[in-house]
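Visitor: Provided herewith is a single structure, encoded as structure tokens, for subsequent inquiry.
The values are calculated or read from the model by the stated rules, or taken from the named source; none is laboratory data. Note that this is a predicted model, so its numbers are computed, not measured. Here the Cβ positions follow ideal geometry from the backbone for every residue, glycine too, while neighbour counts run over all protein chains shown. Please note that ligands, DNA and RNA were not included when accessible areas were found on the heavy atoms of the full protein model with its side chains. Shrake-Rupley method; radii C 1.70, N 1.55, O 1.52, S 1.80 Å.
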Amino acid sequence: MKDVEKVVLAYSGGLDTSVCVKWLEEKNNVTVVTVIIDVGQPKDFKAVEERAYSLGVEKHYQIDGKQEFFDSYITPAIKANALYQGKYPLDAALSRPLIATKLVEIAKEEDADAVAHGCTGKGNDQVRIDICTTALNPKLKIVAPVREWDLDRPAEIEYAKKHGIPVDAHSVYSIDENMFGRSIECGILEYPEEEPPEDIFKLTTDPTKAPDEPEYVTIGFEKGVPVSLNDQKMNGVELIRKLNVIGGRHGVGRIDHIEDRLVGIKSREIYECPSAMILLEAHADLEKMVLTRHENYFKPIIDQKWTELVYTGLWMDPLKDDLDAFINNTQDRVTGAVKLKLYKGNQIVVGRTSPNSLYDYDLATYEEISTFDQKKSVNFIQLWGLPTVVARNKKMK
Ligand code: ARG
């Protein structure tokens, strides 16, 4: 790594990235600048700063990215009903392009020639950060110490101890957290047949121990963006924080699934994402009420492609902008409110209203006053079924 002089490292304050600092400084004689981006993870940011300087970094940056994370990353994901493989609300994936963008900005400010991150060579996060970085500035080199060094876990801990880096007791799990959710990997979770131990969960109550009384929440949307909670207008960051607490106490948002990573590995992933699951459920429901049947059939195709691009690190691809343009156009009408019942791990939509609702009581009702002329259905059915009837009759001959 002779060609790197100054590197901007995405620093969490944890074991891996702390070892990265020392590894870069000691082994490679590189000047290190660290950055931590507040995307709503619970963190003692002061302690992270102190640790960075104690490891000898030249400068440490702390950036509040919460509002930007909501506006430019979480909001588009809600509009796209983004659930990778039907399950994962992309909480970790969404933060990566934001982190990469900040690394590139600071690299410019600091006149650094490289950025660094603590991703392993087995996951999706390396793909996301590498591609976003290079897409924004192809001149920057990317250093991923964990991917490059030949330290196994015991050797890493040994190295950390030797350099006075505190090794915390809970490092059996690899955890990524931000305001949109928490991802937990490693340890016993690598055995997909085993139920996750209760102690890995921090945001959610065990659904079997959640209150016996359900709790109702109403989410207001404006053009696809959540803007109110229980009829109270609220900033998105605040709304998500509140919803995590309310959903969490009812055990809402626990996810356990087998995920196909981009690098070809199947992995067992555990997430807890109360606010994400509530918002996604509510948003998808509201769309059904305001979009036409044709849009409701077609948009999931776009949504799925959007989700796949974001999961696989292609946030910066022009196709994502194209899909955003389509999605945003549909969201003009996604205004209204959705009421959900939270109960023992479930978020159940129980009502919705919208000024743009296409639901027409007079057409839908089974009461006598209905304006729908049932007699017209007879001829309609004959034409609708014509190709099917012709083909089936032919086959039977
Ligand atoms: N599997 C998820 C993804 O690829 C989460 C990864 C989160 N990282 C972690 N260290 N737990 O987006």
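Visitor: Arrange the residues Arg352, Arg51, Arg392 by how much accessible surface each exposes, largest first, with a 1.4 angstrom probe.
Guide: Numbers: Arg352 95, Arg51 70, Arg392 140 Å².
So the residues, ranked largest to smallest area, are Arg392, Arg352, Arg51.
Visitor: Rolling a 1.4 Å sphere over the protein heavy atoms, what is the accessible area per residue of region 1-132, to the nearest Å²? Intermediate values should be presented prior to the final figure.
Guide: Details: 4840 Å² over 132 residues.
Result: 37 Å² per residue.
Visitor: Something else about it: Assuming 0.36 nm per residue, please report the length gained on full extension of the stretch Ile348 to Gln85 beyond their Cα-Cα distance. Write down the numbers at each step before the final one.
Guide: Details: separation 263, 0.36 × 263 = 94.68 nm, distance 2.05 nm.
Going from the current span to full extension adds 92.6 nm.
Visitor: Here's something else I'd like to know. State, to one decimal in nm, how far the label point of Asn379 lies from the label point of Asp260, with both points 7 Å from Cα in the Cβ direction.
Guide: 4.7
Visitor: What is the distance, in nm, between label points placed 7 Å from the Cα along the Cα-to-Cβ direction at Glu26 and at Glu190?
Guide: 2.4
Visitor: Let me ask something else about it. Mind grabbing the base-10 log of I(q)/I(0) for region 279-397 at q = 0.10, 0.13, 0.17 Å⁻¹? Debye formula, identical points on the C-alpha positions, no solvent, two decimal places.
Guide: Log10 of I(q)/I(0), two decimals: -0.55, -0.82, -1.02.
Visitor: If you don't mind, there's one more thing I want to ask. Using a Förster distance of 56 angstrom, determine the FRET efficiency expected from the C-beta separation of Thr120 and Leu358, and round it to 0.05.
Guide: Details: r = 48 Å, r/R0 = 0.85.
For Thr120 and Leu358, the calculated efficiency is 0.70.
Visitor: Taking the Cα of Glu215, stepping 7 Å toward and past its beta carbon, and measuring to each backbone N in region 238-257: which are under 17 Å?
Guide: Counting only backbone N, you get 238-254.
Visitor: Identify which of Ser95, Ser228, Ser174 has the largest mean-square fluctuation in a Gaussian network model of the chain, with springs joining Cα atoms closer than 10 Å.
Guide: Residue with maximal mean-square fluctuation among Ser95, Ser228, Ser174: Ser174.
Visitor: Also, I was wondering about something else. For region 239-303 and region 323-343, write down the distance between their C-alpha centroids in whole Å.
Guide: Comparing the Cα centres of region 239-303 and region 323-343, I get a distance of 13 Å.
Visitor: Which value in deg cm²/dmol, rounded to the nearest 500, describes the helix-derived mean residue ellipticity at 222 nm for the chain, given -39,500 (n - 2.57) per DSSP H run of n ≥ 4 and division by the residue count? Spell out each step's value before the answer.
Guide: Details: 15 runs with 160 residues, N = 397.
Result for the chain, helices only: -12000 deg cm²/dmol.
Visitor: Now, a different point. At what distance in angstrom do the alpha carbon centres of region 371-395 and region 192-215 lie from each other?
Guide: 50
Visitor: With the full set of protein chains in place, find how many percent of the accessible area of the chain is carbon and sulfur; take the probe as 1.4 Å. Display every interim value, and only then the final one.
Guide: Values: 10710 of 20250 Å².
Heavy-atom surface of the chain belonging to carbon and sulfur, 1.4 Å probe: 53 percent.
Visitor: Say a paramagnetic label sat at a point 7 Å from the Cα of Thr371, along Cα to Cβ; which residues of region 253-293 have their backbone N under 17 Å from it?
Guide: none
Visitor: Full extension from Lys139 to Ala325: what is 0.36 nm times the residue separation minus their Cα-Cα distance, to one decimal in nm? Provide the component values of the computation, followed by the final result.
Guide: Working: separation 186, 0.36 × 186 = 66.96 nm, distance 2.96 nm.
Full extension of this stretch gives 64.0 nm more.
Visitor: Oh, and also: Going by accessible area, probe 1.4 Å, with all protein chains left in place, what is the ranking of Leu358, Leu140, largest first? It would help to have the intermediate numbers written out before the result.
Guide: Numbers: Leu358 100, Leu140 15 Å².
Largest to smallest exposure gives the sequence Leu358, Leu140.
Visitor: Once every Cα of the chain carries one equal point scatterer and solvent is ignored, give the base-10 log of I(q)/I(0) from the Debye formula at q = 0.07, 0.11 Å⁻¹, two decimals.
Guide: The calculated log intensity ratios at q = 0.07, 0.11 Å⁻¹ are -0.40, -0.86.
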